[in-house]
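Student: First the structure, then my questions, so here it is.
The values are calculated or read from the model by the stated rules, or taken from the named source; none is laboratory data. Please read these numbers as outputs of a predicted model, since none were measured by experiment. Positions of Cβ are backbone-derived with ideal geometry, glycine not excepted, and every protein chain shown enters the neighbour counts. Protein only, heavy atoms only, side chains kept; ligands, DNA and RNA dropped before computing areas. Shrake-Rupley method; radii C 1.70, N 1.55, O 1.52, S 1.80 Å.
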Amino acid sequence: MFKKFIKFNILTVALFYFLFYNNVRAYEYIDSKNESQINDMIVEIFDAKEQYEDLAGDDIKSELAVVHEATSNSYWWPIGSEETIEVNGIIYAKGDPLVTGITSNFGYREDPFNRGKKLHSGIDISDANSSNNVNIIASKSGVVVYPTADVQNNCPSSSSLSNCGGGYGNYVVIQHSDGNYTLYGHMYEGSITVKAGDSVEQGQVIGKMGSSGNSTGNHLHFEVREGQNAYSATVDPLNYVSADTPRMIFSGSGKIYDFINSYEGNTGIVGDSYKIINIGDGMRSVGHGVTLENCWQYFQKYGYEVRNLSVGDTLPISIVDQVELDIIDYNRNYIENTISDNSIKLEIYQIDALISQMYNMGNISGFVNAYKKYGNTQEFFENWFFRGTSPGSGFEAGLSKRRKAEWTLFHTGEYVYAS
């Protein structure tokens with residue numbers, strides 16, 4: 001009977017933990033009358049969970065921890081390097097981040113402003129020198145959804161414990177292509193460089209570390225919100241980022257975007273939009289070679305229905321550029337999984353060459369068999385790499401030039417851009 005009782009309680013605790021950890025929206029049912037009772041109940045669940053893990057050992061701990069193993073590599077530690085570079089007017093801090101530490105983890109803790117335990121919805125990251133000059137970067141490429149252009153980011157960074165910015169002080173929220181959102185809170189007054197609608201790239205500086213809002217000192221409050229932009233959707237950011245491996249997706253270089261764009265060109269800029277053009281056979285293209293027929297689902301994620309748009313209509317540059325980044329990221333992930341599944345090891349620049357070809361062709365069909373047969377040789381180029389050049393068409397010359405540039409990249413690592 002005792003064994004059955006222990007088993008029942010362990011299963012019960014595991015069930016409660018599973019439901020809460022996977023974002024059952026408990027907060028939708030909290031009101032002023034039951035908030036204290038529910039908070040006490042959840043604290044008990046977390047305490048029981050910790051006791052269960054201690055009894056169960058490392059096996060169950062590792063199972064509970066594997067929440068986003070497949071996607072964790074796509075997010076960067078949100079602290080930038082001290083040195084920055086400027087590309088096309090955008091500031092990046094992609095180098096090794098300044099030394100920082102976590103001063104408060106995700107989970108229930110004693111509220112520093114009110115008595116009792118409360119969920120800390122992110123992690124607090126501080127630098128050793130408490131400087132106001134620490135670059136905060138976009139952890140992953142995406143589209144900014146907050147702040148809007150009319151919001152003044154002038155919450156004082158003075159550890160004043162004010163409720164400015166709803167307690168977050170000066171903060172930024174970014175929507176990502178996987179449906180998640182990241183939030184960056186307590187930034188220094190006047191330091192935010194982006195606004196809603198802006199397309200941002202991984203490693204781009206979005207502000208400086210500060211202590212605005214409800215803050216007891218200089219730090220970044222960093223959240224990951226799964227599937228929706230809501231407090232109730234927050235999960236432990238350490239499922240996605242790590243200070244030990246802060247730049248986890250050096251699986252493709254930043255050069256690939258410029259390489260692809262040099263061969264794709266663009267459809268023409270009208271104000272802050274791209275114009276849709278007809279590229280033949282009923283195909284419509286916008287931006288840098290983004291075809292509406294094949295990519296309409298990418299646009300849907302950002303609230304744009306493009307299947308009924310006509311040639312001459314326009315789409316915002318920020319949205320189209322983000323869709324392009326999403327396509328390239330998808331191609332990269334697909335290629336990496338394909339070569340890994342087939343025990344093929346490639347250099348970063350070789351993956352870039354395949355990303356470009358997949359962006360243009362829509363697939364890398366036959367690559368695995370051809371590469372295993374020929375390797376990185378001229379025969380591989382002639383029998384597989386030099387394909388899809390549309391012989392006899394008006395595209396042949398341009399596509400042949402592109403295939404040769406992709407082959408040069410794959411074979412030698414040299415990025416040859418279209419003139």
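Student: Compute, for Arg402, the solvent-accessible surface of its heavy atoms (probe 1.4 Å) with the complete set of protein chains present, and express it in square angstrom to the nearest 10.
Tutor: My reading of the accessible area for Arg402 is about 10 Å².
Student: Here is a follow-up. Starting from the amide H of Ser157, placed 1.01 Å from N in the peptide plane, find each other amide H under 5 Å away whose residue is 5 or more places distant or on another chain.
Tutor: Long-range HN contacts for Ser157: Glu189.
Student: Assuming 0.36 nm per residue, please report the length gained on full extension of the stretch Ala149 to Ser162 beyond their Cα-Cα distance.
Tutor: Details: separation 13, 0.36 × 13 = 4.68 nm, distance 2.23 nm.
Full-extension gain reported as 2.5 nm.
Student: Please report the accessible area of Cys155 (heavy atoms, 1.4 Å probe, ligands and nucleic acids excluded) in Å², nearest 10.
Tutor: 10 Å²
Student: Keeping the other protein chains in place, figure out the carbon and sulfur percent of the accessible area of the stretch 166-317, with a 1.4 Å probe.
Tutor: Working: 2610 of 5750 Å².
Summing carbon and sulfur atoms, their accessible area is 45 percent of the total for the stretch 166-317.
Student: Work out the FRET efficiency for Lys117 and Trp296 from their Cβ-Cβ distance, taking R0 = 45 Å, and round it to the nearest 0.05. Walk me through the numbers before you get to the answer.
Tutor: Details: r = 46 Å, r/R0 = 1.03.
It comes out at approximately 0.45.
Student: Suppose all protein chains stay in the model; what accessible area per residue would a 1.4 Å probe give for the stretch 106-237, in Å²? Mind dumping the intermediate values first?
Tutor: Details: 4700 Å² over 132 residues.
That works out to 36 Å² for each residue.
Student: With N residues in the stretch 331-419, what two-decimal value do you get for its Cα radius of gyration over 2.2 N^0.38 Å? Before the final figure, lay out each step's value.
Tutor: Numbers: Rg = 12.5 Å, N = 89, 2.2 N^0.38 = 12.1 Å.
Against the compact-globule rule of thumb, the ratio is 1.03.
Student: Share of the stretch 377-419's accessible area from carbon and sulfur, percent, 1.4 Å?
Tutor: Working: 1260 of 2320 Å².
Percent of accessible area from carbon and sulfur atoms in the stretch 377-419: 54.
Student: Could you give me D for the stretch 339-385, from Stokes-Einstein at 20 °C and 1.002 mPa s, where the hydrodynamic radius is the Kirkwood radius over C-alpha pairs? Units µm² s⁻¹, please.
Tutor: Details: Rh = 11.0 Å.
My calculation gives 194 µm²/s for D.
Student: Extension gain Glu83-Asn129, at 0.36 nm per residue separation less the Cα-Cα distance, in nm? Don't jump to the answer; show the numbers that get you there.
Tutor: Numbers: separation 46, 0.36 × 46 = 16.56 nm, distance 1.67 nm.
Roughly 14.9 nm would be gained on extension.
Student: Determine the per residue accessible area of the stretch 242-342 with all protein chains present and a 1.4 angstrom probe, expressed in square angstrom.
Tutor: Numbers: 4760 Å² over 101 residues.
Roughly 47 Å² per residue, with all protein chains present.
Student: Compute the Kirkwood hydrodynamic radius of the stretch 129-251, taking the inverse of the mean of 1/r over all pairs of distinct Cα atoms, and give it in Å to one decimal. If you can, show how the numbers build up before the last one.
Tutor: Values: mean 1/r = 0.0693 Å⁻¹.
When all Cα pairs of the stretch 129-251 are included, the Kirkwood radius is 14.4 Å.
Student: If you rank Arg225, Arg403 by how much accessible surface each has, with a 1.4 Å probe, what is the order from largest down? Mind dumping the intermediate values first?
Tutor: Details: Arg225 20, Arg403 0 Å².
Ranked from most to least accessible, the order is Arg225, Arg403.
Student: How much length is gained if the chain between Val311 and Tyr334 is pulled fully straight, taking 0.36 nm per residue apart and subtracting their Cα-Cα distance, in nm to one decimal?
Tutor: Working: separation 23, 0.36 × 23 = 8.28 nm, distance 3.08 nm.
Between Val311 and Tyr334, full extension yields 5.2 nm more.
Student: Taking 29 Å as the cut-off for C-alpha to C-alpha distance, list the pairs among Lys195/Lys301; Lys208/Lys275; Lys94/Lys345; Lys94/Lys195 that go past it. If you can, show how the numbers build up before the last one.
Tutor: Working: Lys195/Lys301 19 Å; Lys208/Lys275 35 Å; Lys94/Lys345 25 Å; Lys94/Lys195 20 Å.
Exceeds cut-off: Lys208/Lys275.
Student: What FRET efficiency do you get for Asn360 and Asp244 if R0 is 35 Å and r is their Cβ-Cβ distance, rounded to the nearest 0.05? Intermediate values should be presented prior to the final figure.
Tutor: Values: r = 37 Å, r/R0 = 1.06.
E(calc), rounded to 0.05, equals 0.40.
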